[in-house]
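The structure appears right after this line, and notes come after that.
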Amino acid sequence: MLDTQDTYMGLNEPQIGLAVPPLVRNLLARIVGEARADGLTFLGKYSNPKDAYRFGLVDELVASPTESAGTAEAIATLRAVAVKRAAAAASIPAPGRVDTKLASRSAFAALLKDHERLKRESEGWAKSAQDPAKAAAFEASFAKFAGGAKKTAKL
């Protein structure tokens, strides 16, 4: 994640009246803990890069290129970091890495196999998102971000 003053990470569903999908909420709680997940999902709090790193939402912070460098350099910087991390992971013998990953994510993977539940949840979310009041709140949320409003999670 780029470590800039203008970068924030969070879920905007609560701020526009939508439920955070249960799978997303469960995964978030597994990563950041129940109490922090409550703040992020119930209140729609946003985290700045340093907090996102401290919470475990991102693996690494990347220094932002100078403002004059622009978006292309920022993307190139993030890409280089991602390639380096992928190469490091690929250098670990696959059988042990794969078995460890499967064991650590088995409960979450089991939830993803429940296709009926996923269908019910996604259809319910899509129906809820079509509510005119929620659509207006969604537009207001985009306008807020376009205007540069900042919301930082203090959890």
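The values are calculated or read from the model by the stated rules, or taken from the named source; none is laboratory data. No experiment lies behind these values; they were computed from the predicted model shown. Every residue, glycine among them, receives a Cβ derived from its backbone with ideal geometry; neighbour counts consider all protein chains shown. Ligands, DNA and RNA are excluded from the accessible area calculation, which covers all protein heavy atoms including side chains. Shrake-Rupley method; radii C 1.70, N 1.55, O 1.52, S 1.80 Å.
Net charge dipole, the chain: roughly 320 debye, given to the nearest 20, about the Cα centre with Cβ charges of +1 for Lys and Arg and -1 for Asp and Glu. Within a Cβ distance under 14 Å of Ala110, other residues only, what is the Lys/Arg minus Asp/Glu net charge? Its environment carries a net charge of +2. Placing unit charges on the Cβ atoms of the charged side chains and taking the dipole of the range 1-41 about its Cα centre, the candidate lying farthest along the positive direction among Met9, Leu40, Val24 is Val24. Within the accessible area of the range 89-145, the carbon and sulfur atoms contribute 66%, probe 1.4 Å, all protein chains present.
P(r) for the chain, from all Cα pairs and a bin width of 10 Å, is 9, 27, 35, 24, 4, 0 %, short bins first. Summed over qualifying helices (DSSP H, 4 residues or more, each -39500 (n - 2.57)) and divided by its residue number, the chain shows a 222 nm mean residue ellipticity of -19000 deg cm²/dmol. Overall shape: oblate for the range 25-100, with the ratio a/c of the largest to smallest alpha carbon gyration tensor axis at 1.5 or above and b/c at least equal to a/b.
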